[in-house]
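Below is one structure, written out as structure tokens; comments come after it.
The values are calculated or read from the model by the stated rules, or taken from the named source; none is laboratory data. Quantities reported herein were computed from a predicted structural model and do not represent experimental measurements. Glycine also receives a Cβ, built like all others from the backbone with ideal geometry; neighbour counts cover every protein chain displayed.
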Amino acid sequence: MKRNTAFLINGGAGRVLCSIPALELYEKEHPEDDFIIVVEYFIELFKGHPTLYKRCYDHHHRHLYEDKLKNMNVYFPECYHVWEYFNQQASITQAFDLLLNKKGLRPVPVPTLSLSNEETQGGIETVKTIKKDFQNKKAIVFQPFGRGSSMTPGSINNDPQGRSFSMADAVQIIRRLQRKYTVIVMSESQIDFKLFGIKEVVPQLTNMSLRRWMGVINAADYFLGCDSVGQHFAVSLGKKATVVLGGTFKENVTYPDYKNLNIIDLGEGKRMYAPIRMCSSEIADTNNEKLMTLTEANLNKIIASIDQSI
């Protein structure tokens with residue numbers, strides 16, 4: 001008896017988003033398989049997709065096992081276990097493609113994001129309203145911290161994977177950018193920047209879903225971020241952006257061939273691969289955790305990449 005496939009997708013928002021191109025190719029190349037996608041978190045990233053969204057099930061969907069999984073081939077594609085990935089020959093999107101489609105290493109498209117008219121217009125209105133308070137200066141969405149970072153009581157940012165800016169460096173970037181631009185900070189928690197000597201208001205949006213952030217990034221004039229979901233949103237939406245990397249490899253986590261993306265690699269030649277989801281490596285973590293620390297030259301390079309592109 002022929003069985004269809006269920007793909008179990010988990011992890012952070014960026015990783016979930018990066019599974020989409022491989023799933024699109026699977027749908028095209030395996031028309032005989034009426035597959036489903038079970039998404040542990042961030043199912044909303046598939047919302048509006050012209051073909052995949054109807055195949056998606058939330059991890060907590062009622063009677064999912066009895067009605068679907070029990071009679072399917074269940075497959076959990078773990079992109080971090082792919083040899084080409086942990087040897088920097090494949091990106092996350094390519095690793096998913098290698099696992100699902102088994103066609104060898106090949107170019108894959110960037111992830112597809114579909115915004116509704118309401119999300120698009122909501123982003124436009126939000127950015128427009130914020131810019132009014134800042135002399136209508138061009139708006140930059142800045143995501144300084146990745147999902148693995150944590151804030152200590154003293155507001156010192158800790159990211160053992162070396163993906164996030166330090167708080168001190170984030171403050172320096174905001175100060176420099178505010179001279180010419182409106183800076184909208186994308187963060188999970190509100191930050192009192194006055195404690196760090198920033199006198200001008202720093203716009204921060206509350207109660208924001210990922211879908212609403214997509215609309216804001218889509219409406220902004222530029223995106224600046226670290227290795228986190230915002231850069232994937234920017235690329236998927238065709239926005240101009242700068243991504244700054246420290247402890248992670250550009251070959252793995254971003255889009256070196258995307259023409260509108262400036263990649264500033266602070267860890268090049270210094271980082272070690274951290275074998276996430278395979279084993280722990282204190283040597284790699286210790287080596288990588290400070291690679292996002294900025295020098296004055298690094299800061300100038302970041303600002304210049306924006307000034308020359310916006």
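Residue-wise test of (1) at pLDDT 95 or above; (2) under 15 Å from Gln143 (Cβ atoms); (3) small (Gly, Ala, Ser).
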{"position": "Lys180", "(1), (2), (3)": "yes, no, no"}
{"position": "Val183", "(1), (2), (3)": "yes, yes, no"}
{"position": "Gly197", "(1), (2), (3)": "no, no, yes"}
{"position": "Thr206", "(1), (2), (3)": "no, no, no"}
{"position": "Trp213", "(1), (2), (3)": "yes, yes, no"}
{"position": "Val244", "(1), (2), (3)": "yes, yes, no"}
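In this structure, Arg212 does not satisfy being over 12 Å from the mean Cα position of the chain (by Cα) and under 21 Å from Glu84 (Cβ atoms). Within the stretch 279-310, restricting attention to residues that are in a helix (DSSP H, G or I) and charged (D, E, K, R), the residue that is farthest from Arg176 (Cα to Cα) is Glu282. The condition of being among the aromatic types (Phe, Trp, Tyr) and either touching a Cys at 6+ places or on another chain (Cβ under 8 Å) or surrounded by 15 or more Cβ atoms within 10 Å (Cβ to Cβ) (or both) does not hold for Phe76. Any residue at all in the stretch 129-140 that's modelled with pLDDT of 95 or more, crowded, with 22+ Cβ neighbours inside 10 Å and either within 18 Å of the chain's Cα centre (by Cα) or not β-branched (Val, Ile, Thr) (or both)? Looking for residues that are modelled with pLDDT of 95 or more, crowded, with 22+ Cβ neighbours inside 10 Å and either within 18 Å of the chain's Cα centre (by Cα) or not β-branched (Val, Ile, Thr) (or both), one finds at least one in the stretch 129-140, hence yes. For the stretch 2-23, indicate whether the set of residues that are more than 20 Å from Thr93 (Cβ to Cβ) and touching a helix residue (DSSP H, G or I) at 6+ places or on another chain (Cβ under 7 Å) is non-empty. Yes, the stretch 2-23 has at least one match.
For the stretch 180-191, the count of residues that are surrounded by fewer than 16 Cβ atoms within 10 Å (Cβ to Cβ), without any contact (Cβ under 8 Å) to a residue 24 or more places away in the chain and over 19 Å from the mean Cα position of the chain (by Cα) is at least one. Residues being modelled with pLDDT of 95 or more and assigned to a loop (DSSP other than H, G, I, E, B) are represented in the stretch 92-103 by at least one member.
I want to confirm something. Restricting to the stretch 1-49 and keeping residues that are touching a Lys or Arg at 6+ places or on another chain (Cβ under 6 Å) and closer than 18 Å to Asn73 by Cβ, which single residue is surrounded by the fewest Cβ atoms within 10 Å (Cβ to Cβ)? Out of the qualifying residues, it is Ile36.
Where in the stretch 1-89 are the strands (runs of 3 or more DSSP E), entirely inside, with at least 1 residues that are among the polar types (S, T, N, Q)? Counting at least 1 such residues, we get 5-9, 73-75.
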